[in-house]
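One structure is given here, and the rest of the page talks about it.
The values are calculated or read from the model by the stated rules, or taken from the named source; none is laboratory data. A quick note: this is a predicted structure, and the numbers were derived from the prediction, not measured. Using ideal geometry, Cβ is built from the backbone for each residue, glycine included, and neighbour counts are taken over all protein chains shown.
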Amino acid sequence: MGTNPDLSPAASCAAPLRAAIIGAGLAGLSCAERLREAGHEVFLFEKSRGPSGRAATRRSEGWACDHGAQYFTADDPAFTAQVQRWCEAGVAVEWTPRLQTFGEAPEPRRREAPTRRFVGTPGMTAPARWMAGAHRIELLHTIDALRRQAGAWRLRSREHGWSEQDFDVVLLAMPAPQAAMLLQGVHEPMARRVALADMQPCWSVIAVYDVDPQPRFDAAFVNQPVLSWVCAEHRKPGRSPTPRWVLHAQAAWSREHLEAAPEQVIEALLQAFRGLGAQGMPRQAVAHRWRYARGTLADAPPALWDGSRGLGVCGDWLCGGRIEGAWRSGQALARALELQPPPRS
């Protein structure tokens, strides 16, 4: 897998730790990769059926569609090198869509160089699944409690109860509200800080058509009350030709309609899509609610770490959001552990 040239020989395997990482999205996998390369024993616990978190691909009979993160960019040199490794492994590829913008963005992002966009192939889950191949991951383990006793950590999963294994460190790689719940009663200062994160929801709709409803562009940024993004999944590299579009709602609209019925969400987003020139009706449409799609925590470092307790937190919401932020946060947490290892019991 990847390599980290800044890991010194002295750091590698000097004092191997048994680390539990809760969450197998990009942040957790990035942290796990760096810790494993340093010689530590890493165990990942994931509540879903597979790794990748919000870089998700939904599958149904005859089609698949990225309904979470849509693409990623690379500004940080270390992450650029990681993306290059993904491309060489065949799990990512550059994407050059015909882009359109509807409405005026409130705060346009300024970039010094043209934006290079990448997608996982054959789906956005591919880079995470490639990284996950090097690790032990316990799937369908919803960790709902932590306990520290005699200098070691134990985990409790909703499905399997308390683990029999002890861990030297526990690292939370998950959305802030979920991390805050686990930290309550375990590390109150960290719990209070994490709870301050502003997490935004997003309703996502996948619409499958018999005839492509919008051939004029491949994707669009939408600055309107309902929609924020639309994308032709079937025109991404390595996808099947069945016409299917993913529609993302604005965060404010999603929050206002957080508990709406999926049928109502589908109707509203399709109506807004037709307002962009889409023709016809889909033969199938499904909605997915991302309760914690994106977040930020003001004045926070890229990862939180308490070496005296062997407890840390990482996630894209600590590092500017997006896939690059998730990867960088995981790296930052592993680096913090290397610089301040926990005391031995």
Conditions first: (1) in contact with a Cys (Cβ under 7 Å, 6 or more places away or on another chain); (2) in contact (Cβ under 8 Å) with a residue 40 or more places away in the chain. Ala298 passes all but one, so which condition is the exception? (1)
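What number of residues within region 155-198 are touching a Pro at 6+ places or on another chain (Cβ under 7 Å) and either surrounded by fewer than 21 Cβ atoms within 10 Å (Cβ to Cβ) or of a type outside the set (Asp, Glu) (or both)?
The first filter runs over region 155-198 and keeps only residues touching a Pro at 6+ places or on another chain (Cβ under 7 Å), leaving 168-169.
With either surrounded by fewer than 21 Cβ atoms within 10 Å (Cβ to Cβ) or of a type outside the set (Asp, Glu) (or both) added as a condition, the list becomes 169.
The total comes to 1.
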Of these, Ala27, Ala113, Ala105, Ala74, which one is more than 28 Å from Gly275 (Cβ to Cβ), at pLDDT below 95, out of contact with any His (no Cβ under 9 Å at 6 or more places or on another chain) and not aromatic (Phe, Trp, Tyr)? Ala113
I'm checking my understanding of the structure. Among residues of region 228-268 that are among the hydrophobic types (A, V, I, L, M, F, W, C) and farther than 14 Å from His67 by Cα, which one is surrounded by the most Cβ atoms within 10 Å (Cβ to Cβ)? Val265
Can you tell me how many residues in region 289-303 are surrounded by 18 or more Cβ atoms within 10 Å (Cβ to Cβ), basic (Lys, Arg) and modelled with pLDDT of 95 or more? 0
Against the condition touching a residue at least 24 places away in the same chain (Cβ under 8 Å), over 26 Å from Leu29 (Cβ atoms) and either outside any strand (DSSP E or B) or touching a strand residue (DSSP E or B) at 6+ places or on another chain (Cβ under 6 Å) (or both), how does Gly312 come out, does it pass? no
Would you pick out the residues in region 37-49 that are farther than 27 Å from Glu159 by Cα and touching a residue at least 40 places away in the same chain (Cβ under 8 Å)? Ala38
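Listed here are the residues, each with its yes/no results for (1) at pLDDT below 95; (2) out of contact with any helix residue (DSSP H, G or I) (no Cβ under 6 Å at 6 or more places or on another chain); (3) on the phi < 0 side of the Ramachandran plot; (4) in a strand (DSSP E or B).
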site	(1), (2), (3), (4)
Val211	no, yes, yes, no
Ala220	no, yes, yes, yes
Gln264	no, yes, yes, no
Ala268	no, yes, yes, no
Ala287	no, no, yes, yes
Of the conditions (1) free of Cβ contacts under 8 Å to residues at least 40 places away in the same chain; (2) under 19 Å from the mean Cα position of the chain (by Cα); (3) under 30 Å from Ala278 (Cα atoms), Val83 fails just one. Which one is it? (3)
